[in-house]
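A.B. asks: Let me begin by handing over the structure; questions about it come next.
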Amino acid sequence: MELLDISLVNWSRGQFALTAMYHWLFVPLTLGVGVIMAIMETIYYKTGKEEWKKITKFWMTLFGVNFACGVATGIILEFQFGTNWSNYSWFVGDIFGAPLAIEGMLAFFLEATFISIMFFGWNKVSKGFHLTSTWLLVLGATFSALWILVANAWMQYPVGMEFNPDTARNEMIDFWAILSSPVAMNKFLHTVFSGWIMGALFVVGVSAWFVLKKRDMNFALKSLKIGAIFGVVATILIIATGDGSAYHVAQKQPMKLAAMEGLYEGKEGANIVAMGLLNPDKEYDNEEETFLVKMDVPVPKLLSLLGYRKADAFVPGIKDIIDGYTLSDGTVVPSFEDKQASGRVAIQAFNDYRVAKAAGNDSLAAVHRITLNENYANFGYGYLEHPSELIPNVALVFYSFHFMVALGILFLVLFAALWFFQWKGKLDKVPWLLWIAIFTIPLGYLAGELGWVVSEVGRQPWVIQDIMPTKIAVSSVSVQSVKITFFLFLTLFSALLVAEIKVMIKQIKKGVE
């Protein structure tokens, strides 16, 4: 079968990744700082103390700068579904477009309505109405994340749909199945909590700078306390949703889990790799090298427990997923070759259905449709040529996952230490801890980006799990045009990021007015 130029696929993926990663530099801070400033304004509302109003307005200014940049990159990101991924948009636009449309109507409405009141309504509306506006703006930003993540989760676990061979499109048949998908809900919560952590890191880092400079100490100590407590809570919550993520990945995307843990051959009572180094010589068809993880520090049976809720459960590895395997209850999981054959039967049945329909032979078309429906779960496998295509970039996923987890542990320790020393009134005794808080801010961004690398690179080669490979989802555009726009976006987004950082630093140095 004829496929598009792979360089077009790679450049289109690169451009989308570029836009998404820049966009994610702004979104988590919006989600995290938004909640923190709303908490601070709530304290102002309850106490009536002007100091809390000043503290709230300081963080609100930084929030506003970041919010504007996030909107700009988000709009470009959504346009790329039409410009670079038109085959994908045609194939599933009836489903994927619905959450994005709801985001525009509901979330953007809340944000656009209440942001002006929040910034300019301090002396024009009552304290209660202003506080409500702040919380509704934060709610709007969170709703915006909800609908985008519902759409993304559906790509990783497609439910609530039915393929219509007459239009060659997937159509929504159960909106609530898509919205209430356990993958969607867990992904939403996990992502939002990661934003909360980023907001907490930003607040404690900036506050630590003021403490070191001995400027606006009342503001700095109060902000640091709220940021640290909020950070501890957010980190505990993200650990809980991380457990849920591991479970759902094991159930729905076992190849991603195998890449995350560098698991080549499956086993019962599988260990989790706390730390490890991959064997660069190990490939699927290289039987001379036995292990994918060459050096590791294992935690016994934890992978089985996290993925299947049983300490002795079988966890399939990369080789098992490609060759097929049988579970202890007798369930047979087909091999790549079996799924590939089934997918090609589905593709052929779809083509035969269209031919029969065009010839007016409805009875023959009905037979082909039955065959299509029986094999549609493996439709995407029909476009894959070799088992190695089923394996994502294991090294990138493995190291991204483990660095992300390590950073999460670091953040929890940092928040707890800052909270403890602030409570004891001894922050001045640990200037090294304050410097760590400042330099940990970039690590918060890194952890968020690594999470998306695990999520998106780990599900390759699929743009829609098992249904549509990434390589057939791109638009029929020239590689040159994608390259040009890639570097245009790189220049634009970099300039936007530099401008935001300069404005942020200027506002921070200005201090609390």
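A.B. asks: Among Leu488, Leu412, Leu396, which is at pLDDT 95 or above and of a type outside the set (Asp, Glu)?
C.D. replies: The conditions single out Leu412.
Per-residue answers, yes or no, for (1) assigned by TED's automatic domain parsing to the domain that holds Ile318; (2) touching a helix residue (DSSP H, G or I) at 6+ places or on another chain (Cβ under 7 Å); (3) not in a helix (DSSP H, G or I):
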site: Phe401; (1), (2), (3): no, yes, no
site: Asp466; (1), (2), (3): no, yes, yes
site: Ser476; (1), (2), (3): no, no, yes
site: Thr485; (1), (2), (3): no, yes, no
site: Leu490; (1), (2), (3): no, yes, no
site: Ala495; (1), (2), (3): no, no, no
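A.B. asks: Return the total of residues in region 159-203 being closer than 17 Å to Ala145 by Cα and not small (Gly, Ala, Ser).
C.D. replies: Qualifying residue count for the region: 16.
A.B. asks: Is it true that some residue in region 49-70 is at negative phi, at pLDDT below 90 and open to solvent by 30 Å² or more (accessible area, probe 1.4 Å)?
C.D. replies: Looking through region 49-70, at least one residue is at negative phi, at pLDDT below 90 and open to solvent by 30 Å² or more (accessible area, probe 1.4 Å).
A.B. asks: Evaluate the following for Leu77: is it farther than 30 Å from Lys54 by Cβ, in contact with an Asp or Glu (Cβ under 9 Å, 6 or more places away or on another chain) and aliphatic (A, V, I, L, M)?
C.D. replies: Criteria not met by Leu77.
A.B. asks: Right, here's the next one. Filtering region 328-360 down to residues that are assigned to a loop (DSSP other than H, G, I, E, B) and open to solvent by 60 Å² or more (accessible area, probe 1.4 Å), which residue is nearest to Pro392 (Cα to Cα)?
C.D. replies: My answer is Thr331.
A.B. asks: Check whether at least one residue in region 419-437 is under 27 Å from the mean Cα position of the chain (by Cα) and either in contact (Cβ under 8 Å) with a residue 12 or more places away in the chain or assigned to a helix (DSSP H, G or I) (or both), and report yes or no.
C.D. replies: So far as region 419-437 goes, yes, one or more of its residues are under 27 Å from the mean Cα position of the chain (by Cα) and either in contact (Cβ under 8 Å) with a residue 12 or more places away in the chain or assigned to a helix (DSSP H, G or I) (or both).
A.B. asks: Here's another thing I want to ask about it. Filtering region 293-327 down to residues that are without any contact (Cβ under 8 Å) to a residue 12 or more places away in the chain and not in a helix (DSSP H, G or I), which residue is least open to solvent (accessible area, probe 1.4 Å)?
C.D. replies: Only one residue fits best here, namely Thr326.
A.B. asks: In region 25-37, is there at least one residue being open to solvent by 30 Å² or more (accessible area, probe 1.4 Å) and either basic (Lys, Arg) or under 26 Å from Gly380 (Cα atoms) (or both)?
C.D. replies: No: region 25-37 contains no residue that is open to solvent by 30 Å² or more (accessible area, probe 1.4 Å) and either basic (Lys, Arg) or under 26 Å from Gly380 (Cα atoms) (or both).
A.B. asks: Then there is this: Just the residues that are at pLDDT 90 or above and open to solvent by less than 30 Å² (accessible area, probe 1.4 Å), please, taken from region 246-260.
C.D. replies: Answer for region 246-260, where residues must be at pLDDT 90 or above and open to solvent by less than 30 Å² (accessible area, probe 1.4 Å): Val249, Ala250, Gln253, Met255, Lys256, Leu257, Ala258, Ala259, Met260.
A.B. asks: Within 14 Å of Met255 (Cα to Cα) and surrounded by 18 or more Cβ atoms within 10 Å (Cβ to Cβ) - does that describe any residue in region 434-455?
C.D. replies: yes
A.B. asks: Moving on to the next point. Taking region 84-133 only, how many residues are crowded, with 18+ Cβ neighbours inside 10 Å and not in a helix (DSSP H, G or I)?
C.D. replies: 2
The values are calculated or read from the model by the stated rules, or taken from the named source; none is laboratory data. Just so you know, these numbers come straight off a predicted model, no measurement behind them. Every residue, glycine among them, receives a Cβ derived from its backbone with ideal geometry; neighbour counts consider all protein chains shown. Protein only, heavy atoms only, side chains kept; ligands, DNA and RNA dropped before computing areas. Shrake-Rupley method; radii C 1.70, N 1.55, O 1.52, S 1.80 Å.
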